[in-house]
Amino acid sequence: MSKTLILLFHRHPAKSKANAALAKAAATVPGVEVVDVQSEYPDGRIDFEADGRREAERLLTADRIVLQFPIQWYSTPPLLKAWQDAVLTRMYYIFAETEGDKLKGTPLMIAATAGNLPGAYTRGGQNHFTVDEIFTPLKATAYRCGLPWHEPYLVFEADRLAPDQLDQAAHGYAATLERFIATTTAERKAA
Ligand SMILES: Cc1cc2nc3c(=O)[nH]c(=O)nc-3n(C[C@H](O)[C@H](O)[C@H](O)COP(=O)(O)O)c2cc1C
């Protein structure tokens, strides 16, 4: 069975409602592995040597990658940035031939939660910019790393969802992952 690796970047997973519910539903999908990255790096520091090697090995065992996180200040949590700085720098600038080039062709999906309403992320709304625009640095990263971009899964008003809405969001995530798995394959260069 193919493997879909979900890397969850949340500062306090134990306090999370939305991301915790999504991660729980995702873990029921066959072939999905959810990793709570914060628990592996409690101080938020990731080095590109031992940590980077372990992360690279983990990525290279995956057929698809999902980066899951709450939107923070129109961006990603600092831990995801630390992960990119250590792991992707290592893979694509230091060990491109043995690591980065091998990851190319692995489909990438973003799953993100936002506190605000969908309408806030419009030209006339509070945030002016769309989520798609806010994700430009992630799209640029995916492009540079050769990771085919998949339509993101988004949950809005994540702090205000009633239990049935949270359930719906979690089931929607599981269904989206099933489609992601059914419709994508890693097209990597032969080793
Ligand atoms: C430091 C910080 C910054 C945030 N910035 C944003 C933001 O820019 N846009 C937004 O819609 N929500 C923002 N939020 C709300 C979070 O996205 C929301 O609390 C989270 O998605 C809820 O998921 P959880 O239950 O897994 O923590 C922010 C929250 C925090 C703590």
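Within segment 97-150, being assigned to a helix (DSSP H, G or I), surrounded by 14 or more Cβ atoms within 10 Å (Cβ to Cβ) and not charged (D, E, K, R) holds for 100, 103, 120, 121, 131, 134, 138, 141, 142, 145. All but one of (1) exposed (fewer than 15 other Cβ atoms within 10 Å of the Cβ); (2) at negative phi hold for residue 44, so report the exception by its number. Every listed condition holds for residue 44 apart from (2).
Being within 16 Å of the ligand (Cβ to nearest atom) and in contact with a helix residue (DSSP H, G or I) (Cβ under 9 Å, 6 or more places away or on another chain) is a property that residue 80 has.
Table: residues versus (1) more than 16 Å from the ligand (Cβ to nearest atom); (2) aliphatic (A, V, I, L, M); (3) out of contact with any strand residue (DSSP E or B) (no Cβ under 7 Å at 6 or more places or on another chain).
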| position | (1), (2), (3) |
| --- | --- |
| 137 | no, no, yes |
| 141 | yes, no, yes |
| 144 | yes, no, yes |
| 149 | yes, no, no |
| 152 | no, no, no |
| 159 | no, no, yes |
| 162 | no, yes, yes |
| 167 | no, no, yes |
| 173 | no, no, no |
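For segment 40-50, the criterion of being within 15 Å of the ligand (Cβ to nearest atom), assigned to a helix (DSSP H, G or I) and modelled with pLDDT of 95 or more is satisfied by no residue at all.
In segment 64-72, the condition of being modelled with pLDDT of 95 or more, within 15 Å of residue 111 (Cβ to Cβ) and outside any strand (DSSP E or B) is met by at least one residue.
Can we say residue 70 is within 13 Å of the ligand (Cβ to nearest atom) and under 23 Å from residue 180 (Cβ atoms)? For residue 70, the condition - within 13 Å of the ligand (Cβ to nearest atom) and under 23 Å from residue 180 (Cβ atoms) - is met. In segment 94-122, the residues that are more than 16 Å from residue 138 (Cα to Cα) and among the hydrophobic types (A, V, I, L, M, F, W, C) never reach a residue that is more than 16 Å from the ligand (Cβ to nearest atom) and outside any helix (DSSP H, G or I) with C-beta atoms less than 6 angstrom apart, at least six apart or across chains.
The values are calculated or read from the model by the stated rules, or taken from the named source; none is laboratory data. Nothing here was measured: the structure is a model prediction, and the numbers come from that model. When we count neighbours, we look across all protein chains shown, and the Cβ atoms used for this are built from the backbone with ideal geometry, even at glycine.
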